[in-house]
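Asks: There's a structure below that I have some questions on.
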Amino acid sequence: MLKVENIRTFYGNIEALKGVSLEVNRGEIVTLIGANGAGKSTTLMSISGVTPPRTGSVVFEGRDITRMPTDRIVATGITQVPEGRLIFPGLTVRENLMMGAYLRNDKAGIAQDLEHIYGLFPILKERRAQHGGTLSGGEQQMLAIGRALMSRPKLLLLDEPSLGLAPIVVENIFGVITKINAEGVTVMLVEQNAQMALSIAHRAYVLETGHVTLSGDARELMNDPKVQSAYLGLD
Amino acid sequence: MLEQQLINGLTLGVIYALIAVGYSMVYGVIELINFAHGEIYMFGAFFCATFITAFGLPFFPAMALAMICCACLGVLLDIFAYRPLRRAPRLAPLITAIGMSIFLQNLAMIVWGSRPKPFPQEALPAFFHETALTFSGVQLSWLQLFIFSLTIVLMIGLNLVITRTKTGTAMRALAQNQRAAALMGINVNRIISFTFMIGSSLGAVAGILVSVFYNTMYPTMGYNAGVKAFAAAVLGGIGSVPGAMLGGIVLGVAEALGAGYVSSLYRDGVAYAVLIAVILFRPTGLFGKAVRQKA
């Protein structure tokens, strides 16, 4: 479904991705784990066209999207939930969700999806008239995920959804990610919480300083001694 | 006397408000003080007058056409002058804006000459300068009544566009977080163009109304009006549209009262005094929010 081939992305003269290749198949949850600064977020931003790669290619469903502007990439079916959530603090919860549906014109479908998201996150329905900025961190993460789902993505990119959240909220959010995936949305998940990520993913890539150093089945990686010592805190 | 000053102040105030929303909206989406906005206002007046004298159009169609021309001018200004500098340090587009202001002023001087011209009064409805209402000694002309009603309609319309439409919501979203807006599939440049379009056409209306009201127009008229509207936008809280509206009205009234009760020599000084006072005592303005610096 998504094929990233040998992308190199720079911030000025600093090479953040030194040739990253990875693949996501339809229906999967693929996770990208790694330490701070390994290039996980940059990989997602390169796929979304926010920081386009200097060389290499990103192909989605047979279309080369490497040089497309961000809004066109969203139109092809890839929506990102960015790190730090980046909800619109001055828009109401409902307006935030409607912005997710910006590219859609099917009123009935939008109304239906809105109800679906209120079903996934009942707290958002309760707070629908409140400004996004008044929500707690966990609620904002739910809003960011809900907003992205409103675009009816084929591929959902999630950047650190567990960041700064209480364990019980993380549990809840990961439950929803599994549910979304079961409903047919392909998921690419970037996480520092490798334990959580590997437990719900089908496949995983390990990123270190701009390179993919390991990849494979999520269960297998969980038992890999190198992964255990570096990312799971086991010796 | 006081009432008459208030009415005159309000008339000017609503016009300042029309210009000020243009500053505030553009600042809201790209954090740029568009110093050439005053020149768009001036072009509005000249376009309208030209359509009347050269093409024999009646007043209202000429005004509508001038709005459209200024909307295009605003969009072109953004595309050619500001868009290439979107990722540049903020000083670069700011200086460019000042440059564009000077350029447009001089362009107008070449096209229309530098001397003040009267507005073609013959195209205006004859009753404009007749008194519409008199109450307790205060006179309100039809023209003033027209200025009030037109501005109020435009302001209500603008508010509806910003709060109720998808494009308006996208504009607010963009102002809050440009990257997130792009990640939702919003075409950032298109929304910025839309913002320039709206702000510029409102500026054009203001220019036309002022040149009709004072029966004069000249290529440098945008400078003074621009500074005052900018002060109004800052007073209201730059980036806030309701703030700009309120700021314009407050400034217009303050100016009229200052001119009436202190000295008419101080008329223009009031705007600067307000600007300085706001920056000293309430830098975020009446409706503005303090910008939180992200870690």
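The values are calculated or read from the model by the stated rules, or taken from the named source; none is laboratory data. Because the structure is a prediction, the values reported are computed rather than measured. Using ideal geometry, Cβ is built from the backbone for each residue, glycine included, and neighbour counts are taken over all protein chains shown. Heavy atoms of the whole protein, side chains included, go into the accessibility calculation; ligands, DNA and RNA do not. Shrake-Rupley method; radii C 1.70, N 1.55, O 1.52, S 1.80 Å.
Asks: Show B:I15, B:I102 ordered by accessible area, largest first, where the area counts protein heavy atoms only and the probe is 1.4 Å.
Replies: The residues order as B:I102, B:I15, largest area first.
Asks: For the stretch A:169-217, what is the relative contact order in percent, using Cα pairs closer than 8 Å and at least 6 residues apart in sequence?
Replies: 22
Asks: For every other residue with a beta carbon closer than 15 angstrom to the beta carbon of A:S162, add +1 if it is Lys or Arg and -1 if Asp or Glu, then tell me the sum.
Replies: -4
Asks: Can I ask one more? What is the Cα convex hull volume of the stretch B:6-134 when expressed per residue in Å³?
Replies: Value for the stretch B:6-134: 132 Å³ per residue.
Asks: Stokes-Einstein diffusion coefficient for the protein assembly as shown at 25 °C in a medium of 0.890 mPa s, Rh from the Kirkwood formula over Cα pairs: what value in µm²/s?
Replies: Once the numbers are plugged in, D ends up at 95 µm²/s.
Asks: Given a 1.4 Å probe and no ligands, DNA or RNA in the count, how much accessible surface is buried by A and B, both sides, to the nearest 100 Å²?
Replies: Buried area between the two chains comes out at roughly 1900 Å².
Asks: Using a 1.4 angstrom probe and counting only protein chains, how large is the accessible area of B:K117 in Å², to 10?
Replies: The accessible area of B:K117 comes to roughly 70 Å².
Asks: Next question. Exactly which trypsin sites (Lys or Arg not before Pro) in the stretch A:1-106 are in a DSSP loop and have at most 16 other Cβ atoms within 10 Å?
Replies: Hits after loop and neighbour filter: A:R26, A:R54, A:R67, A:R104.
Asks: Only bridges whose two residues both fall in the protein assembly as shown count here: according to DSSP, what percent of them are antiparallel, nearest 5?
Replies: Given both bridge residues lie in the protein assembly as shown, the antiparallel proportion sits at roughly 60 percent.
Asks: In square angstrom, rounded to the nearest 10, how much accessible surface does A:D64 have for a 1.4 Å probe?
Replies: Here the accessible area works out near 100 Å².
Asks: Which of the residues in the stretch A:29-75 show a loss of at least 40 Å² in accessible area from their chain by itself to the complete set of protein chains, at a probe of 1.4 Å?
Replies: Flagged in the stretch A:29-75: A:V50, A:D71.
Asks: In Å², and per residue, what accessible area does the stretch A:2-231 have when probed at 1.4 Å with the other protein chains present?
Replies: 41
Asks: Separate question: Give me the 1.4 Å probe accessible area per residue for the stretch B:2-281, excluding ligands and nucleic acids, in Å².
Replies: 42
Asks: Out of all DSSP beta bridges in chain A, what portion is antiparallel? Express it as a percent rounded to 5.
Replies: That works out to approximately 55 percent antiparallel.
Asks: So, one more: Can you pull the percent of the protein assembly as shown's accessible area that's carbon plus sulfur, 1.4 Å probe, other chains left in place?
Replies: The C+S portion of the solvent-accessible surface of the protein assembly as shown is 61 percent.
Asks: How far apart, in nanometres, would the label points at B:S114 and B:Y266 be if each is projected 7 angstrom from Cα along the Cα-to-Cβ direction?
Replies: 3.3
Asks: Relative contact order, percent, of the stretch B:2-281 when contacts are C-alpha pairs under 8 Å separated by at least 6 residues?
Replies: 40 percent.
Asks: Calculate, for B:M1 and B:I98, the FRET efficiency according to 1/(1 + (r/R0)^6) with r their C-beta to C-beta distance and R0 51 Å; round to the nearest 0.05.
Replies: The calculated FRET efficiency here is 0.80.
Asks: With the calculation restricted to Cα positions, what are the radius of gyration and Dmax of the stretch A:1-97 in angstrom?
Replies: 14.2, 41
Asks: Work out the FRET efficiency for A:R219 and A:D106 from their Cβ-Cβ distance, taking R0 = 51 Å, and round it to the nearest 0.05.
Replies: Efficiency, rounded to the nearest 0.05: 0.85.
Asks: Which percent of Cα pairs goes in each bin when the distances of the stretch A:2-231 are cut into 5 angstrom slices starting at zero?
Replies: The calculated distribution, bin by bin, is 1, 7, 15, 19, 20, 17, 12, 7, 3, 0, 0.
Asks: State which stretch of chain B is the longest one without any exposed trypsin sites (Lys or Arg not before Pro), exposure meaning a DSSP loop state and at most 16 other Cβ atoms within 10 Å.
Replies: It works out to B:91-288.
Asks: For a label point 7 Å from the Cα of B:Q121 along Cα→C-beta, name the residues of the stretch B:209-249 whose backbone N is under 13 Å from it.
Replies: In the stretch B:209-249, the label zone of B:Q121 (backbone N under 13 Å from the point 7 Å along Cα→Cβ) covers B:212-216.
Asks: Still on this structure: Could you work out Rg/(2.2 N^0.38 Å) for chain B, with Rg from alpha carbons only?
Replies: 0.98
Asks: Could you report the accessible area of B:I68 in Å², rounded to 10, computed with a 1.4 Å probe on the protein chains as they sit in the structure?
Replies: Number for this one is 100 Å².
Asks: Take every Cα pair under 8 Å in chain A that's 6+ residues apart, average their separations, divide by the length, and report that relative contact order as a whole percent.
Replies: Relative contact order here is 28 percent.
Asks: How much mean residue ellipticity at 222 nm does chain B get from its helices, if each DSSP H run of length 4 or more adds -39500 (n - 2.57) and you divide by all residues, to the nearest 500 deg cm²/dmol?
Replies: It comes out at -23500 deg cm²/dmol, rounded to the nearest 500.
Asks: Based on alpha-carbon centroids, what's the gap between the stretch A:135-214 and the stretch B:212-236 in Å, whole number please?
Replies: The distance from the Cα centre of the stretch A:135-214 to that of the stretch B:212-236 comes to 52 Å.
Asks: In the stretch B:138-183, what residues drop by 30 Å² or more of accessible area when the other protein chains are put back, versus the chain on its own? Use 1.4 Å, and skip ligands and nucleic acids.
Replies: Buried by the other chains: B:K166, B:T169, B:R172, B:A173, B:Q176, B:N177, B:R179, B:A180, B:A182, B:L183.
Asks: Out of A:M196, A:M150, A:M142, any idea which swings most in a Gaussian network model of chain A, alpha carbons joined below 10 Å?
Replies: Maximum among the listed residues: A:M196.
Asks: DSSP loop GluC sites (Glu not before Pro) in the stretch A:160-205 with at most 12 other Cβ atoms within 10 Å of their Cβ, which ones?
Replies: Here the GluC sites (Glu not before Pro) that fit, given the DSSP loop and packing criteria, are A:E183.
Asks: Turning to a different aspect of this structure: If I model a spin label at B:E31 and A:K179 as a point 7 Å from the Cα along the Cα→Cβ vector, what separation in nanometres do I get?
Replies: 3.8
Asks: Which residues among the stretch A:160-203 fall inside the zone where the amide N is under 16 Å from a point 7 Å beyond the Cα of A:H116, along Cα→Cβ?
Replies: Residues passing the 16 Å test: A:176-187.
Asks: Could you give the distance between the Cα centres of the stretch B:89-104 and the stretch B:1-77, to the whole Å?
Replies: 20
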